[in-house]
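To keep things clear, I will list the structure first and then write my remarks on it.
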Amino acid sequence: MSEPQQPSRGRIGWAWTVGHPFGVRVRVHATFLLLVAWIVASAALGGESIAATIAALVMVATLFTIVVLHELGHALAARRYGIVTRDITLLPIGGVASMERLPEDPRQELVVAFAGPAVNVVLALVFGALALALGLPLSAGPLAPGAAPLGQGMVVQLFWVNVSLAVFNLLPAFPMDGGRVLRALLSLRLGRARATEIAARLGQAMAMALGFVGLFASPVLVFVALFVWAGAQGENEAVHVRELLRGLRVRDVMVESVASVRTDATAGEIAGAIVHGLQDHFPVVDGQGALVGTLGIVELVTAIATRGPEVPVAEIMKPARTATPADALDETLQRMQSEDARAIVVVDRGSVRGLLTLEHLGEFVALEEAMRQRLQQRRALARAA
C-alpha cells in the first residue's frame with residue numbers, strides 16, 4: 001500500500017538514501033529488510049523453489065518502485081505550488097512523502113491528492129495495454145506476490161497492483177488520498193476544520209471495519225487498520241491545533257523571561273541552572289551578546305554522558321532558529337515541525353526577546369482547549385435553561 005503525503009515532523013530514523021529522482025531523496029527504512037527476510041524465510045519453510053523466491057523478491061522490489069512513483073506524483077504536484085518534499089521513505093507498509101507543509105487551498109489540495117493515484121492509473125493503462133498486446137487475459141485478477149512467474153504473467157499482476165493501489169488510495173477517508181480529496185471538496189462549503197473532522201471520522205470508521213475483517217481474514221489488515229486510525233486521528237488533531245492558533249502571533253505565547261548562556265560556559269554549569277530553574281532550552285550568545293546558537297536538554301544530557309560536564313557550550317550548541325514577535329503562530333509551529341526544532345528563539349532588532357518551545361505550545365493549546373470546552377458547556381446550559 002502507499003501511505004499518503006504528510007507534513008514533515010522530523011526525519012524518520014534508521015533509513016538509508018538510495019537515490020534522488022527529480023531532486024527528491026528516496027530512503028529505505030531498516031524494517032523494509034525484515035520484509036525481504038520474511039519472504040525468503042516463508043519460501044524456504046514452504047518448500048518453494050529458488051526461482052519462486054527470486055520472483056517474489058523481484059515483485060516486491062517492483063511494487064515499491066511503483067510506490068515511489070506514486071509518491072513522486074504527489075511531490076511533483078506539490079512542487080508546482082512551491083511546496084518542497086524533503087524525502088520519501090519506504091516502509092514495509094508503503095511510502096511516506098515528507099513535505100514541509102500541505103496545501104491549505106482546497107483546489108491545490110485536490111491536485112496534490114489526485115496526483116499519486118493518477119500515476120497508478122497511468123501505469124495500469126500501460127500494463128493493461130501491454131498485456132492485451134501480448135494476448136494475456138486481464139480477467140484472471142490480482143495474484144499473490146509470489147504466485148506470478150517472471151515474464152508475461154508479471155505484466156498482468158502489475159496491472160492489478162496499480163488498479164488496487166489507485167482504488168485503495170482513493171477511499172474517501174483519512175489518511176488516504178481519497179480522504180484529502182473529500183476534505184478539499186468539503187472545505188469549499190464547510191471550512192477546513194469541519195471538513196477534516198468529517199473525513200477523519202470516516203477514516204476511523206473504515207479502520208474499525210478493516211480491523212474487524214482482519215481478525216478473521218488476515219493480521220495484515222489489523223496492522224493497516226491501526227495505521228489508518230492513527231493517521232486519521234493525527235490529521236484531525238493537527239488541523240484542530242492550527243485552527244486554535246490561527247490569528248495569534250508569536251508574542252502572544254512566547255516565554256518572555258529567558259536566560260541566555262555564553263559560549264564559554266560548560267555543560268555542567270548549564271545543568272545546574274536547569275536543576276534550579278524552569279528553563280530547559282537556552283539561547284547561546286557570544287562575548288558581545290550576539291545570538292549564535294541554542295542549547296536544549298537533549299544536547300546537554302548527551303554531551304555530559306559522552307564527553308563529561310567540562311565540555312564548553314560552544315562545542316555542543318545547535319544552530320539558532322529564530323522568529324520575530326509578529327510572526328504568525330500557526331506558521332511558526334509548522335516551520336518548527338518541518339525543521340524538527342523543539343525550540344525557537346524570538347528576536348527583535350537583533351536582540352533576544354523570548355523563547356518558543358513545543359512543550360510550551362502544547363501547554364497553551366491544552367489550556368485554550370479547556371477554556372473553549374468550558375465556554376461551550378456554559379452556552380449549552382444557558383440554552384437548556
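The values are calculated or read from the model by the stated rules, or taken from the named source; none is laboratory data. The model shown is predicted, which means the values in this text are computed figures rather than measured ones. For neighbour counting, all protein chains shown are included, and Cβ atoms are generated from backbone atoms with ideal geometry for every residue, glycine included. The protein model used for the area step is the full one, side chains on, heavy atoms only, and it has no ligands, DNA or RNA in it. Shrake-Rupley method; radii C 1.70, N 1.55, O 1.52, S 1.80 Å.
General observations
- Taking the empirical scaling 2.2 N^0.38 Å for compact globular proteins as reference, the chain has a Cα radius of gyration ratio of 1.19.
- Per-residue [θ]222 nm for the chain (sum of -39500 (n - 2.57) over DSSP H runs n ≥ 4, rounded to 500): -19000 deg cm²/dmol
- The dipole here belongs to the chain: it is taken about the Cα centre, uses +1 on the Cβ of Lys and Arg and -1 on the Cβ of Asp and Glu, and is about 1060 debye.
- Share antiparallel - DSSP beta bridges, the chain, percent rounded to 5: 70
- Only Lys, Arg, Asp and Glu carry charge here, each on its Cβ (+1 for the first two, -1 for the last two); on that basis segment 63-143 has a dipole of about 120 debye about its Cα centre.
- Angle between the chain longest axis and helix 31-45 axis [Cα atoms, degrees, rounded to 10]: 30
- Local electrostatic count, L186, Cβ distance below 10 Å [Lys/Arg +1, Asp/Glu -1]: +3
- Taking Cα atoms only, the orientation of helix 177-190 departs from the longest principal axis of the chain by about 60 degrees.
- In the context of the full protein assembly, T65 retains an accessible surface of approximately 80 Å², using a probe radius of 1.4 Å and ignoring ligands and nucleic acids.
- Relative to the dominant Cα principal axis of the chain, helix 106-133 is inclined by about 20°.
- Charge context of P319, other residues only, Cβ under 15 angstrom, K/R +1, D/E -1: -1
- Whole-percent pair-distance distribution, where bins are 10 Å wide, for the alpha carbons of segment 95-241: 12, 33, 30, 20, 6, 0
- Comparing M206, L361, L329 along the charge dipole axis of the chain, the residue lying farthest to the positive side is M206, per the Cβ-charge model.
- Residue-normalised accessible area of the chain, expressed per residue, 1.4 Å probe, Å²: 51
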